[in-house]
1. Residues in the stretch B:263-272: is at least one assigned by TED's automatic domain parsing to the domain that holds B:Tyr207, among the aliphatic types (A, V, I, L, M) and at negative phi?
2. Got a sec? Which of B:Val329, B:Val290 is in contact with a strand residue (DSSP E or B) (Cβ under 8 Å, 6 or more places away or on another chain) and of a type in the set (A, V, I, L, M, F, W, C)?
3. Does A:Tyr169 qualify as being touching a strand residue (DSSP E or B) at 6+ places or on another chain (Cβ under 8 Å), buried (at least 17 other Cβ atoms within 10 Å of the Cβ) and more than 26 Å from A:Asp117 (Cβ to Cβ)?
4. A:Leu367: part of a helix (DSSP H, G or I) and in contact with a Leu (Cβ under 9 Å, 6 or more places away or on another chain), yes or no?
5. Only one of (1) crowded, with 24+ Cβ neighbours inside 10 Å; (2) on the phi > 0 side of the Ramachandran plot is not met by A:Val230, so which one is it?
6. Give the residue, chosen from A:Ala278, A:Ala307, A:Ala303, that is assigned to a helix (DSSP H, G or I), small (Gly, Ala, Ser), touching a residue at least 12 places away in the same chain (Cβ under 8 Å) and in contact with a Gly (Cβ under 8 Å, 6 or more places away or on another chain).
7. Looking for something among the small types (Gly, Ala, Ser), more than 28 Å from A:Ile130 (Cβ to Cβ) and assigned to a helix (DSSP H, G or I) - is there at least one such residue anywhere in the stretch A:349-359?
8. Does A:Glu377 count as at negative phi, assigned to a loop (DSSP other than H, G, I, E, B) and not aromatic (Phe, Trp, Tyr)?
2 protein chains.
Amino acid sequence: MAVKFAERVELLKASEIREILKVAVRPEIISFAGGLPAPEVFPIEELKRTAVQVLDEAGGQALQYSTTEGFEPLRRQVAARIAAKFAVDVGYDNVLITSGSQQALDLAGKLFLDAGDVVLCESPTYLAAISAFRAYQARFVAVPTDDEGMIIEELANILRTTERVKLIYVIPDFQNPSGRTWSLERRRQFAALVQEYEVPVVEDNPYGELRFAGETLPAVKSFDSKGLVVYVGTFSKIFCPGLRIGWIAAAAKFFEKLVLIKQGTDLHTSSLSQREIAKFLELYDLDAHVAKIVAVYRRRRDAMMTAMDAMFPAAVKHTYPQGGLFTWVELPAGFKAVKLLHDCLERNVAFVPGDSFFPNGQVENTLRLNFSNMSEERIREGIGRMAAAIREYR
Amino acid sequence: MAVKFAERVELLKASEIREILKVAVRPEIISFAGGLPAPEVFPIEELKRTAVQVLDEAGGQALQYSTTEGFEPLRRQVAARIAAKFAVDVGYDNVLITSGSQQALDLAGKLFLDAGDVVLCESPTYLAAISAFRAYQARFVAVPTDDEGMIIEELANILRTTERVKLIYVIPDFQNPSGRTWSLERRRQFAALVQEYEVPVVEDNPYGELRFAGETLPAVKSFDSKGLVVYVGTFSKIFCPGLRIGWIAAAAKFFEKLVLIKQGTDLHTSSLSQREIAKFLELYDLDAHVAKIVAVYRRRRDAMMTAMDAMFPAAVKHTYPQGGLFTWVELPAGFKAVKLLHDCLERNVAFVPGDSFFPNGQVENTLRLNFSNMSEERIREGIGRMAAAIREYR
């Protein structure tokens, strides 16, 4: 006998983002690489008061084992919030608290995916969702996408002709990595097609509340008459990521299985963290807090857009995100973003080459920039250095 | 197309413990059913101070994303602790912080198990480990076990004759559910056999520090010359479970893969919780805290043993645990523990029938009792009521 790993292990690769971030934590680096919220807006003082109050009022329970579904008052708060903001109206008893939204993706993969099953996704799509689903040995088929979302005719064609499609993964609001947002009409058409084919969807909405202008759009889930959409959210971007609190809102037939799966995966999410967030929501105004975050990110988005338009060569294209944390840059054909990254790192600027966001790879001239974690001044400086590296690229 | 779950979902069952606990939370119930620590010994005041200090000193980092491996000072503290207590000497850079030890079991399953692979385990064994591994469609083979641990000749025979053995799962200290502890000699023999067959082991040690008498024994991992043992521990029983902080200590070849797997599973464990425990360990004496817990549990163990010996019929056997949270009861042949449970619930006493702890079921006359969560008075009262139910059983 000799040690043999599970087959899935061969598919796991160290994430490029992760390796880059190891360099990017050096203080001299201007990093557009991560997806880090701005720590300046973390409600530290409020959390101190909240933590003490939770332990005073219910320390014995906050430190004890608790139910897999999550802390009921928090489930009610989440249910009310996603109903008010995104018209996701499932009732609190269909809300499962998860250990960050990454765990929600893992649980969804575990629920739906056998080896060889197909996940349809946007192209590009969120890197860590690829990792989560790949661990269940899924294959990926990228659905052609324009500025309004997945192209419905293309999706219909793929659904008609592809075997073993078990899941569709989408990020309709301020997508990571592209910064794009699906139009209302596209959401409706997508939901209608999904009901027709009865294929489960994971709708991932970590950024939806971080809107800089215009009106919030209803989630795809709000048009989900057959209960096919597993809606995923998180406090990471509207509060802080360090507590690792996310959620799933799903129809009972999925919810029950997800609870069983989560039970075997980590029993339940931190009782203390759940009660801290619930108490914060009771004592403070999260909407006001989100408004503060949005004001900061809007200025940073503006700084990045203005700097790119002023300094990048005209042949370099970028998206103009209406919210969220990211913009997507397309270099002229023939440019290799990985090569540019090395040139930029010599100038102490970091970003993530786009290749990792395509599940099947091979797109070399794109990259993702994050604008939430650097000051406007550093954004301007960093874009200037990138512009120089692009001009000198060979 | 119609919605189809992954094949593994058919294998998931709602846990009997879980359903019972739903009743057992009523205050009038004397519950020996759960595995809950005594909340009276949670260090609530200390944690209030700790939480505030962490946010004062490093709030921005405590609330931010952090590395998958875990908070380095905590990894160093864990490495030092398991080396000092159990001779597990792996170095801090081989310690991975997990979201409770349940997650450690899930990650190990994900690393080693393909559908149809075999996990060898004690019989009975920990219920939630069965759930964790079953999610990867493992089959279980129970290794005959006596009061000193797995019987080596039986294990050797199984290893020689069984195909696809990918993992051996053991709990050598104060086992859940049996309360038994492996002898030193058995640990050595087991480790030697494992090195010979080169089969990975998960050694689960949540209770090892809760010893009521005698000397702590070195972990199986301490005899693991080839780095085959994945050692799993947790703060749940020596501190509190609500924070969900556990760990894996494993050789580099396993550690690297486990980090990649955890990254796709939940990115990382709560930065805030990790820093709170690290700060607690810096400011307070965890050994003194554990000594307090041990004193409480020892009295409760004594109360339960004395009451059972005085009141149960002589034909009812039980283990005499030297530590931990559980004892194991064997009813005379012909008794059905599930039937007895219903009789006991009418008397407001709860426990877990033993059947769930056998991966392949069909042992009807055993049950598990927890003694950590009830006062001595309630333990005596509850055992008295159980004794009455046993006498009146038909």
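The values are calculated or read from the model by the stated rules, or taken from the named source; none is laboratory data. Computed from a predicted model, the values in this text were never measured in an experiment. Glycine gets a Cβ as well: all are built from the backbone with ideal geometry, and neighbour counts include every protein chain shown.
1. Among the residues of the stretch B:263-272, at least one is assigned by TED's automatic domain parsing to the domain that holds B:Tyr207, among the aliphatic types (A, V, I, L, M) and at negative phi, which makes the answer yes.
2. Only one candidate qualifies: B:Val329.
3. Values: touching a strand residue (DSSP E or B) at 6+ places or on another chain (Cβ under 8 Å): yes; buried (at least 17 other Cβ atoms within 10 Å of the Cβ): yes; more than 26 Å from A:Asp117 (Cβ to Cβ): no.
For A:Tyr169, the condition - touching a strand residue (DSSP E or B) at 6+ places or on another chain (Cβ under 8 Å), buried (at least 17 other Cβ atoms within 10 Å of the Cβ) and more than 26 Å from A:Asp117 (Cβ to Cβ) - is not met.
4. So A:Leu367 fails the test.
5. (2)
6. A:Ala307
7. Within the stretch A:349-359 (the criterion being among the small types (Gly, Ala, Ser), more than 28 Å from A:Ile130 (Cβ to Cβ) and assigned to a helix (DSSP H, G or I)), the answer is no, since none of the residues qualifies.
8. Against the criterion (at negative phi, assigned to a loop (DSSP other than H, G, I, E, B) and not aromatic (Phe, Trp, Tyr)), A:Glu377 does not qualify.
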